[in-house]
Amino acid sequence: MGSTAWNDDGLARLEAVMNRHVEQGSAEGLAWLVARHGEVHAGAAGVLERGGAPVARDSIFRVSSMTKPVTAVAALTLVEECRLRLDDPVAEWLPELAEPRVLADPAGPVDDTVPARRPITVRDVLTFRMGTGMDFAGPWPQTVLTAAAEAGLGAGPPAPAEPPAPDEWMRRFAAIPLAHQPGERWLYHTSAQVLGVLVARAAGKPLDEVMAERIFEPLGMADTGFSVPAGSLGRFGACHMPDPETGEVTVYDPPDGQWASPPAFPGGGDGLVSTVDDWWAFASMLRSGGSSGGRRILARPTVEAMTTNQLTPEQLAAGGPDPAGTQGWGLGTGVLLTRTGTTHAAGSYGWEGGLGSSWANDPVEDVTGILLTTRTWSSPQPAAVTRDFWTATYAALGD
């Protein structure tokens, strides 16, 4: 009797679709992995950089914002050890944020502020409701983002060589007011950077060491980290960026660029590199309720809390992860609230990276998918190759 997990014709079509995107120039190279009912299939297409080596299953990619759930897992290990408590103020570990100021008008001048009505908590940071970050529903430019860029905090595309070391980063960050009161609104990205500093201080070690000891080493994620060792650069590609107006593709970061040496600021929001099999180890740990290969990273109730929407209907309507309100946010990861197409079922969770990566676990369909590419997105919406990857994956289900 054949497999009921996948349809062979569907898997062949998935491979053909991925190869077609490379042939048509949608991406220089990519690797993917899909898993269902314990049956794993992976593939690769294209090259690591133009004129370079072919992509292989063990090729290393920048996963950018897919870093966020990993930082959340690191934080939740500390919650389980009672080093952090969800509803405690972060000021014990981040005294720079003991008395935050808030813009009187989120779009107003940076020096027109009022006091925060209450402290920022660990929960606020994990749920991206600490009061600062990118407002997907707001007008541009945005006051706090402009101030962060002027302060050299890395407010643009991931650029690990630019931000200063964590203590200096926090000093500069604390001088910028919040855009909204703590707990009021979901705002993107910046909370994950703050969470990385919080994790490091609570653990008493740099974030890269915390992640290695608590996540990567136990799960065998040997190629995941904040930089690529010299001996592995041959498996690491360039990052290519299309011009949103002309479509011309340039190299945003070469293999020996910003990820070729450890950063001063390990970015908890966007700094990691990884492979499809390393990410499968992380994804399967969450799918298994927090353990993998006999090693428990988190308790099952913690994983359930992490992957359950924490945003209120009012917060979703005001501007959550998805303008249509179909996407919620748990403790550091996106959570799908409504199935709107032919792919992910409600309850699916994961995240994507603007440098060309996508991952989700679907507990209803028992599907995990991972796509890593060498091409950045050209808009806030997922690239066509990403959308087609998910369409073809779900079309390949065997039952």
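The values are calculated or read from the model by the stated rules, or taken from the named source; none is laboratory data. Just so you know, these numbers come straight off a predicted model, no measurement behind them. Cβ sites come from the backbone with ideal geometry, for glycine too, and all protein chains shown count toward neighbours.
Looking only at the range 49-69, count every residue that is among the hydrophobic types (A, V, I, L, M, F, W, C) and surrounded by fewer than 24 Cβ atoms within 10 Å (Cβ to Cβ) and tell me the total.
2
Within the range 109-120, count every residue that is part of a loop (DSSP other than H, G, I, E, B), over 29 Å from the mean Cα position of the chain (by Cα) and surrounded by 13 or more Cβ atoms within 10 Å (Cβ to Cβ).
So the count comes out to 0.
Suppose we filter Gly328, Gly334 for residues that are modelled with pLDDT of 95 or more and under 14 Å from Ala72 (Cβ atoms); which single one remains?
Sole residue among the options that is modelled with pLDDT of 95 or more and under 14 Å from Ala72 (Cβ atoms): Gly334.
Mind checking which residues of the range 291-328 are assigned to a helix (DSSP H, G or I), more than 16 Å from Leu187 (Cα to Cα) and not hydroxyl-bearing (Ser, Thr, Tyr)?
Arg300, Pro301, Val303, Glu304, Ala305, Met306
What number of residues within the range 291-318 are under 15 Å from Glu217 (Cα atoms), of a type outside the set (D, E, K, R) and either modelled with pLDDT of 95 or more or crowded, with 18+ Cβ neighbours inside 10 Å (or both)?
The qualifying residues number 4.
With Arg339, Arg375, Arg387 as the choices, which residue is in contact with a strand residue (DSSP E or B) (Cβ under 8 Å, 6 or more places away or on another chain), among the charged types (D, E, K, R) and in the same structural domain as Arg300 (by TED's automatic domain parsing)?
Step by step, each of Arg339, Arg375, Arg387 is checked, and only Arg375 is in contact with a strand residue (DSSP E or B) (Cβ under 8 Å, 6 or more places away or on another chain), among the charged types (D, E, K, R) and in the same structural domain as Arg300 (by TED's automatic domain parsing).
Condition test on Asp9, is it out of contact with any strand residue (DSSP E or B) (no Cβ under 8 Å at 6 or more places or on another chain), of a type in the set (Asp, Glu) and not in a helix (DSSP H, G or I)?
no
Among the listed residues Phe128, Phe136, which satisfies the condition of being in the same structural domain as Phe173 (by TED's automatic domain parsing) and modelled with pLDDT under 95?
Every option except Phe136 fails the conditions.
Any idea which residue in the range 130-151 is surrounded by the fewest Cβ atoms within 10 Å (Cβ to Cβ), counting only those that are in contact with a Phe, Trp or Tyr (Cβ under 9 Å, 6 or more places away or on another chain) and closer than 18 Å to Ala174 by Cβ?
Ala151
Based on what the data block shows, is His240 out of contact with any helix residue (DSSP H, G or I) (no Cβ under 7 Å at 6 or more places or on another chain), buried (at least 19 other Cβ atoms within 10 Å of the Cβ) and assigned to a loop (DSSP other than H, G, I, E, B)?
No, not satisfied.
Taking the options Ala31, Ala16, Ala44, name whichever one is of a type in the set (A, V, I, L, M, F, W, C), in the same structural domain as Val276 (by TED's automatic domain parsing) and over 20 Å from Asp277 (Cα atoms).
Ala16
So which pairs qualify, if the first residue must be in the range 114-141 and over 25 Å from Val70 (Cα atoms), the second must be polar (S, T, N, Q), the Cβ gap must be under 9 Å, and the two must be at least 6 apart or on different chains?
Hits for this filter: Val114/Gln181; Ala116/Gln181; Arg117/Gln181; Arg118/Gln181.
Would you say Gly247 is surrounded by fewer than 15 Cβ atoms within 10 Å (Cβ to Cβ), within 27 Å of Ala45 (Cα to Cα) and modelled with pLDDT under 95?
Criteria met by Gly247.
Among the listed residues Arg123, Arg171, which satisfies the condition of being surrounded by 17 or more Cβ atoms within 10 Å (Cβ to Cβ) and either modelled with pLDDT of 95 or more or touching a Pro at 6+ places or on another chain (Cβ under 8 Å) (or both)?
Result: Arg123 is the single residue among Arg123, Arg171 that is surrounded by 17 or more Cβ atoms within 10 Å (Cβ to Cβ) and either modelled with pLDDT of 95 or more or touching a Pro at 6+ places or on another chain (Cβ under 8 Å) (or both).
Restricting attention to the range 291-309, which residues are farther than 15 Å from Thr368 by Cα and either aromatic (Phe, Trp, Tyr) or touching a strand residue (DSSP E or B) at 6+ places or on another chain (Cβ under 6 Å) (or both)?
Asn309
Given the criterion outside the structural domain of Phe226 (by TED's automatic domain parsing) and under 26 Å from Pro254 (Cβ atoms), identify the matching residue among Ala159, Ala174, Ala179.
Answer to the check: Ala159.
One line per residue, one yes/no per condition, for (1) free of Cβ contacts under 8 Å to residues at least 60 places away in the same chain; (2) assigned to a strand (DSSP E or B):
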site: Ser3; (1), (2): no, no
site: Glu15; (1), (2): yes, no
site: Ser26; (1), (2): no, no
site: Gly43; (1), (2): yes, yes
site: Gly52; (1), (2): no, no
site: Cys82; (1), (2): yes, no
site: Glu96; (1), (2): no, no
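Considering only the range 356-398, state which residues are over 19 Å from Glu15 (Cβ atoms), out of contact with any Pro (no Cβ under 6 Å at 6 or more places or on another chain) and not in a strand (DSSP E or B).
Pro363, Val364, Glu365, Asp366, Thr376, Trp377, Ser379, Pro380, Gln381, Pro382
What number of residues within the range 269-290 satisfy the criterion of being in a helix (DSSP H, G or I), crowded, with 22+ Cβ neighbours inside 10 Å and acidic (Asp, Glu)?
1
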